[in-house]
Amino acid sequence: MKQPSLVAILGVFNTGLGVKVITFEGKKYRSLARPISESHKKLLKYLGISERVFYWNE
C-alpha cells in the first residue's frame, strides 16, 4: 500500500482498542477502554492524527 487510507490506519489501531459508551441524559459519551500505547501515540503524532479520532462525543 503506497498511501494508506485513514480507514486502513485506524484498522491498525482498532485491534485491541475498546471504546466504552455511556449514555447520560440522552447523550452518548465515548472513551477508550484502556490507554493507547506509547508506540501508537508516537505513530499518531507522526501522522498528525489526534487521539480523539477514537472517541468522539455527540
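See the values below:
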quantity: Total residues in the range 30-41, condition within 13 Å of R52 (Cβ to Cβ) and either assigned to a helix (DSSP H, G or I) or open to solvent by 70 Å² or more (accessible area, probe 1.4 Å) (or both); calculated: 1
quantity: Selection from the range 1-29 of residues that are modelled with pLDDT of 80 or more and either among the basic types (K, R) or outside any loop (DSSP other than H, G, I, E, B) (or both); calculated: K20, V21, I22, T23, F24, K27, K28, Y29
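The values are calculated or read from the model by the stated rules, or taken from the named source; none is laboratory data. None of the values given here were measured: they were computed from a predicted structure. Backbone-built Cβ (ideal geometry, glycine too); neighbour counts: all protein chains shown. Just the protein is used for accessible areas: all its heavy atoms, side chains included, with ligands, DNA and RNA removed. Shrake-Rupley method; radii C 1.70, N 1.55, O 1.52, S 1.80 Å.
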